[in-house]
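Input: a single structure, listed below in structure tokens.
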Amino acid sequence: MTHRHGGCLCGAIRYEIKSEPALVAVCHCQNCQKQSGGMYSTNLGVPEADYVQTGETKVFHDKGDSGRAVDRYFCANCGSPILSRAEALPGMVLIKAGTLDSLAGIVPKMELYTDRAAEWVAAVPGSQRFALGLG
Ligand SMILES: [Zn+2]
């Protein structure tokens, strides 16, 4: 298994992932839409211990639907969203897949908040779809 690498647009933030993601999920929630400027975010769930970052992110303290904390980390220089830490998923980091250097082998298995998906975005073939989030 090869380690995956990624980083922000300007290169100030770089990271390495030392295990295969435990989950690959598309999130159509409005907060992901607003943070990314895109129709959804694609997140890799990785154990905190397998994520190594160089460079310092800024954090925006957000909340999920349940009111639980979702801390969103981004590059203060170029604005790339890098990862989130969700109170609902302790011990995990949720890395924005679009910041990977290579997307080879990254296929979402799950879609969240599909009730908020843009009407022109098609379902990911074979993915489990949930109208709401995980917590
Ligand atoms: Zn940057």
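The numbers here are math on the coordinates, done by the rules we state, and not lab data. Treat the numbers as computed from the prediction; the structure is a model and nothing was measured. Backbone-built Cβ (ideal geometry, glycine too); neighbour counts: all protein chains shown.
Ranked highest first by average number of other Cβ atoms within 10 Å, how do 121-130, 76-85 line up? Before the final figure, lay out each step's value.
Values: 121-130: 12.3, 76-85: 18.8.
Highest-to-lowest ranking by the protection proxy: 76-85, 121-130.
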Checklist outcome for this item: Whole-Hz Karplus couplings 3J(HN,Hα) for segment 82-88, θ = phi - 60° and coefficients 6.51, -1.76, 1.60, Gly and Pro as x, run 10, 7, 10, 10, 10, 4, 6
Checklist entry - Where a ≥ b ≥ c are the square roots of the eigenvalues of the C-alpha gyration tensor, would you call segment 4-129 rounded, which needs a/c under 1.5, or, failing that, prolate if a/b is larger than b/c, or oblate? => result rounded
Item to check | Above-threshold pairs, the threshold being 21 Å between Cα atoms, out of 63/109; 34/96; 34/109; 58/109; 18/58 | outcome: 63/109; 34/109; 58/109; 18/58
Checklist outcome for this item: Ranked by GNM mean-square fluctuation in the chain (Cα springs under 10 Å), the top entry among 49, 104, 12 is 104
Next on the checklist: From Cα pairs below 8 angstrom and at least 6 apart in sequence, can you work out the relative contact order of segment 4-129, rounded to a whole percent?
Outcome noted: 30 percent
